[in-house]
Amino acid sequence: MSLLVVGLSHRSAPVSVLERAALTADAQAKLLHDTLAAEPATEATVLATCNRIELYADVDKFHAGVAELSTLLARHTGVGLDDLTPHLYVHYEDRAVHHLFSVACGLDSMVVGEGQILGQIKDALALGQELHTAGRLLNDLFQQALRVGKRAHSETGIDKAGQSLVTFGLEQLARDTPVADWAAGKRALVIGAGSMSSLAAATLARAGVAHVAVANRTVERARRLAAILTEPAGPAARGGFTASAVEMTAVADELSRADVVVSCTGATGLVLTADAIRLALAARTDAGRADALCAVDETCQDGPDAPGDGVVLALLDLAMPRDIDAAAHAVAGVRLVDIESLAEASADAPMAADVDQVRSIVSDEVAAFGAAQRAAHITPTVVALRTMAADVVAGEIARLDGRLPDLDDKQRAEITQTVRRVVDKLLHAPTVRVKELASTPGGAGYADALRELFDLDPQAVAAVSRADTRDPGREPA
């Protein structure tokens, strides 16, 4: 196993660098194609989220692989290699497996324990499968990562250690007020209709907002999301809740009526500028809106940091690069929570005791995955050995037929079966033992020893390997 991961995340790079390094869907596809075209890599896939970009590859040379993958990331993100390199991290072989399993469990997330990363890992695997850049190793690795992540969430209380980025963001907007109390009766605008935006809309509906307007570049997707929100068994499942879909051209109008805005699009530029936000606030017809908010929030008078301290518009920006102008922080009547402020807040979030249990699960699963990969490495050699033995038996039986042509079918079958049993018994113990030894660290050398001892044809072993790795054809778990 020569697994290599080169990447950057909220732990290694500031938001300004992550914004510059964000990859579009087209850029991800081109990155994978170029990675496969590079000499050191035989398979690859990319995990790209709002706060991490990681390129996974099976390479035959470590140093050349690191250099090539780093260069490719710089080229496709548009960030100069000199600027990008200080923020890159590298994991190899078992450490790379440990890293992905930790990511899948939410241990490396901005909000520890959040489960949305599992969907993003599934998408990364699906992309590699769709582009035929993920082979046997990455299929096995990402499938197992999904299983490990699900195991961590089902066997421990890691979910209680953190929430989704959406929930955490809303908690930051609500400050010390329970989100359900803070959101009750508010009008929300959700910009975007992707997975994160859909989660935000559903979370707001459950929290008790009165109305959610969904704006998206493709209005049909916005309509579908609005319809889901208002289904009888939908997220709100209560009377008095409504949802609507609007064109992106209507965002300014909706902004002038909204209490809460959540934005998460794939746009490369700003969706909401500070000037647009000022204009929307100025366009409000309900004069004294801040006073009205304070009237229903008894904590409004507690001081400048109280939840109702004149905040007219609460903004949550979950996009990378950012959708909402950072200058909105300075706009009167606005509270903005973005990826950068979420990172600062999550650094002080308490860790649940279950985190230690998840770490133990990850360690066990990494050891098991490594053992399985090492054992699988020797399988083609064992198959080639048994094939050679079968050929020897067939040759000897043919020679026996020439020397004893008067044997009847029953005698010939009995002799053939006896010879096969003898060969199987002789090979059983060493092949079982060599598989056990191969599963231990450093056990790859046993395959080489087996090939040398039995003088196996390298081409025969390679043929078995090619047959074993051709077209994995597995869907994400």
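The values are calculated or read from the model by the stated rules, or taken from the named source; none is laboratory data. For clarity, every value in this text was computed on a predicted model and none was experimentally measured. With ideal geometry, Cβ positions are generated from the backbone for all residues, glycine too; neighbour counts draw on all protein chains shown. Only protein heavy atoms, including side chains, enter the accessible area calculation; ligands, DNA and RNA are left aside. Shrake-Rupley method; radii C 1.70, N 1.55, O 1.52, S 1.80 Å.
Taking only Cα atoms, what is the 0 to 90° angle, nearest 10, from helix 354-403's long axis to the longest principal axis of the chain?
The angle comes out at about 30 degrees.
Got a sec? Which residues in the range 234-278 would a label at A332 touch, if it sits 7 Å along Cα→Cβ and we count backbone N under 14 Å?
What the label zone holds, given the 14 Å backbone N cut-off, is 278.
For the residue pair D448 and R399, what label-to-label distance in nm results when each label sits 7 Å from Cα along the Cα-to-beta-carbon direction?
Distance between the two pseudo-spin positions: 3.3 nm.
Just check the range 1-121 against the gyration tensor rule for me: Cα atoms, a ≥ b ≥ c as the square roots of the eigenvalues, rounded for a/c under 1.5, and otherwise prolate or oblate depending on whether a/b exceeds b/c.
Note, shape of the range 1-121 comes out oblate.
Within the set of other residues whose C-beta is less than 12 Å from the C-beta of P321, count the net charge using Lys and Arg as +1 and Asp and Glu as -1.
-4
With n ≥ 4 as the cut-off for DSSP H runs, can you work out [θ] at 222 nm for the chain, using -39500 (n - 2.57) per run divided by the number of residues, rounded to the nearest 500? Don't skip to the end; give the middle numbers.
Details: 20 runs with 259 residues, N = 477.
It lands at -17000 deg cm²/dmol.
What percentage of the solvent-accessible surface of the chain, computed with a 1.4 Å probe over protein heavy atoms, is contributed by carbon and sulfur atoms?
Heavy-atom surface of the chain belonging to carbon and sulfur, 1.4 Å probe: 53 percent.
Sort 424-434, 242-252, 146-156, 195-205 for me by packing, meaning the mean count of neighbouring Cβ atoms within 10 Å per residue, highest on top.
Values: 424-434: 13.1, 242-252: 16.8, 146-156: 18.8, 195-205: 23.4.
Per-residue mean Cβ counts within 10 Å order the peptides as 195-205, 146-156, 242-252, 424-434.
For E414 and L131, FRET efficiency with R0 = 56 Å and r from the beta-carbon atoms, rounded to 0.05?
So the FRET efficiency works out to roughly 0.55.
Once fully extended, how much extra length lies between R284 and V422, figured as 0.36 nm per residue of separation less the alpha-carbon to alpha-carbon distance?
Extending this stretch completely gives an extra 40.7 nm.
Tell me the per residue accessible area of the chain using a 1.4 Å probe; a whole number in Å² is fine.
47
Could you state the angle between the C-alpha long axis of helix 25-37 and the longest principal axis of the C-alpha atoms of the chain, as a value from 0 to 90 degrees rounded to the nearest 10?
Approximately 30 degrees, to the nearest 10.
Need one word for the range 160-207: rounded, prolate or oblate. Basis is the Cα gyration tensor (sqrt eigenvalues a ≥ b ≥ c); a/c below 1.5 gives rounded, then a/b vs b/c decides. Present the calculation step by step, with values, prior to reporting the outcome.
Numbers: a/c = 2.09, a/b = 1.18, b/c = 1.77.
Oblate.
Run through the range 175-243 and list the trypsin sites (Lys or Arg not before Pro) located in a DSSP loop whose Cβ has at most 10 other Cβ atoms within 10 Å.
R238
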